[in-house]
Structure formats: C-alpha cells, structure tokens
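Computed from the coordinates by the stated procedures, all read-outs in this text should not be read as laboratory data. Please read all numbers here as calculations on a predicted model, not as lab measurements. All Cβ positions, glycine included, derive from the backbone under ideal geometry; neighbour counts span all protein chains shown.
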Amino acid sequence: MDIRRLGTTDLQVSAVGLGCMGFNWSYGPPTERAEAIGVIRHAVDRGVTFFDTAELYGPFANEAVVGEALQPVRDAVVIATKFGFAIDQDTGRPTGLNSRPDHVRAVTDASLRRLRTDRIDILYQHRVDPTVPVEEVAGAVSELIGQGKVRAFGLSEANAETIRRAHAVLPVTVLQTEYSLWSRQVESVFPTLEALGIGFVAYGPLGRGFLTGMITRDTSFGQDDVRSRQPRFQEQHRGQNLAFVHRLSAIAAGVGVSTAQLALAWVLAQQPWITAIPGTRRRERLDENIAAANLSLSPAVLGDIAAAVTEYRIAGERYGPRELANLE
C-alpha cells in the first residue's frame, strides 16, 4: 500500500483509507454491527491505516462501531472524526451548525469515549459555522491539542480564506472535501494548500458510487438513501452522466482495471499530498479500492481521461436545496 504524509505532520497513512459513514448514515439501513466491524478489520488486514468517521454519522453510532473495531490495533491506525453540528438528543437528528468552543470541547470528550481512545488523530470542523469565527474554533482545538486529546486540526469543505484565517491561529493539517472526476471545484483551493503545506483528503472519490459503473438508468434508491434527493442521480440528469461513465469504463477496460479503480487512481495521481477515503460496506469492493492505491496511470491514459472530462459535461448539482449544510 502506498503511504502518504498528512500535511507537514508526522502522521503517515495509507493512500486509500476507509470512509466509514455508510455503515450508519446516508446510504440506506445501517449495516449490522458485527458485519461493519468485520469490514473495518478486513481493511486493517489489507494495509489500510486511515479511518474516517464523525459524531453526525448515526448520529453517534458510527464512532462507536469504529472505536470497537479499531481498539485492538489503535496504535497502528489513524482515526479522524468531526464536530460542528447541533444534534437533538431526543430525535437524534441534526438541527443546525454549532462550533462554539464550549460545544467543541464537550462533543470531543464524547467522541473520545465512543471511539475508545485517549486521543483523536485528526479532529475536523465538519462544516464552517458562519456564526462562530473560525479563529475561535481553531483556538478551541488548540486547547484540545495542548491537553493531548487531539493530534491535528482539519477543516472540511472550507474555502481558501477560511483556511488561511484558521491556519494563522493553529496550523491546519488537512482539508477534507468532496473530490472526484465529477466534483472538481475544490481544485481552486489546491494552490493555498500547497503554499501552506496542508494535506488533502478526498471524500466521495467514486462519486457516491456513480463512477464505479455499477449504477444504471434502472437503479433505484430508497428514501433513506441520500442519493434519492441529489440532482446528479435524478432521471433528468442520469442519462447524460452515464455517458461520461461509459467513456471512463472504456478507458478502464483498455488499461485492464475496473472503472472504480481508474477513477480512484486518477484522484491519487493529481497530487502526492492527496489521500482518498472511499466508503464501502463490502469486502470485495474494499479490496478493489485498495488495489487502486498502487495503480500508476500513464500520461496517455490521463490524457484520455482529461479528454472525456472535456467532452462530457456533468449534469446536476452535488446537493439538493433541502440538504442541511450538506450532511456528509
């Protein structure tokens, strides 16, 4: 497994990590706990050392599963989790953003308990809270680092200005944002990351499954699957987007890899400081993703992919208007 460094820290992780959200959040009914733990431990056995979760996922249940699964190998892995939402304790549903320093401190302690650990390797602000200056957020995380509860500070879906403001108070180790062949807006922030020595973690590198080639015109999604509400998966856009995926599949076939592996290898090829955290509930898909970590795409293949991106315009926005602060 290719190993990459997160920012300028001593944190080194597998180039392909595991996004654990889908076990408990966004993609249908939760995975049975024992099965989820089994998949996570299979990832460890295959060389994955980077695991991503959040208090929001479940909520809370995902951190508990990750904590139980990784407790036996805690010192051999890097665990990232996130704060930043107000969650109704009665309904278990998010009600808005909350990154007030007192809230950050309280929810971090709760995350530590669920994760069965004495420190969080990377603590992300899940979404920028416009009501709390990011400088105050960075200050709160700095206190947690001083107490030994957190090792590194991360931001998610933040713009360049916010990153610079936070970084001036506390070095930002890594930015996490959706990034794939059909979600490339974050590339405008890459010069800032490179200038400041900040790493990048790509979530959704397979386009929530669309870039695997496994979704067709007839694929349906239940109401408990976030994709049922996302514009790119809707009937009026799906045909146009499938044309792009069909072209990727043809390129992948020429290389002798799966469409998913091509899409994931493309993400990793963009910068040496990028890592990816595709999510899956299935061991065979996990193995497929891991194999992409050491796949080297030739200039000719990268050129073919670039030509496909230019030829096929992606239809539909990433998120629907009803999604609260893009809950991922």
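Under a point-charge model restricted to the Cβ atoms of Lys and Arg (+1) and Asp and Glu (-1), what is the dipole moment magnitude of segment 171-322 relative to its Cα centre, in debye to the nearest 20?
Around 360 debye, computed over segment 171-322.
Order the peptides 124-133, 87-96, 247-256 from the highest to the lowest mean number of other Cβ atoms within 10 Å of their residues.
124-133, 247-256, 87-96
Rounded if a/c is under 1.5, else prolate if a/b is larger than b/c, else oblate: which is the chain, with a ≥ b ≥ c the root eigenvalues of its Cα gyration tensor?
Judged from the Cα gyration tensor, the chain comes out rounded (a/c under 1.5).
Projected onto the charge dipole of the chain (+1 at Lys/Arg Cβ, -1 at Asp/Glu Cβ, origin at the Cα centre), which of Ala243, Gly204, Val13 gives the Cα projection farthest towards the positive end?
The residue sitting most towards the positive pole is Ala243.
Tally the DSSP beta bridges in segment 99-205 and give the antiparallel ones as a percent, rounded to 5.
Approximately 5 percent, going by the DSSP bridge assignments.
Distance from the Cα centre of segment 117-186 to that of segment 218-278, in angstrom?
27
Given points 7 Å out from each Cα along the Cα-Cβ axis, report the Arg282 to Glu317 separation in nanometres with one decimal.
Once both label points are built, they end up 3.2 nm from each other.
Each residue of segment 151-163 in order: what ³J(HN,Hα) in whole Hz does its phi give by Karplus 6.51 cos²θ - 1.76 cosθ + 1.60, θ = phi - 60°, with x for Gly and Pro?
Along segment 151-163, the couplings run 9, 8, 9, x, 10, 10, 6, 9, 8, 4, 4, 4, 4 Hz.
With all distinct Cα pairs included, what does the Kirkwood hydrodynamic radius of segment 134-245 come out to in Å, to one decimal, could you say?
16.2
Only counting other Cβ atoms within 10 Å, I'd like Val267, Val186 sorted with the fewest neighbours first.
In order of increasing Cβ crowding within 10 Å: Val186, Val267.
Which of rounded, prolate, oblate describes segment 249-296, given a ≥ b ≥ c as roots of the alpha-carbon gyration tensor eigenvalues and a/c under 1.5 marking rounded, otherwise prolate only if a/b is larger than b/c?
oblate
Residue separation times 0.36 nm, minus the C-alpha to C-alpha distance between Asp75 and Ser188: what's the value?
37.2 nm
Along the charge dipole of the chain, pointing to its positive end and built from +1/-1 on Cβ of Lys, Arg, Asp and Glu, which listed residue (Thr117, Leu302, Gly146) has its Cα farthest out?
Leu302
Out of Ser183, Ser298, Ser14, any idea which swings most in a Gaussian network model of the chain, alpha carbons joined below 10 Å?
The residue that fluctuates most here is Ser298.
Could you work out how much longer the chain between Asn159 and Ser26 gets when fully extended? Use 0.36 nm per residue separation minus the Cα distance between them, nm to one decimal.
Length gained, Asn159 through Ser26: 45.4 nm.
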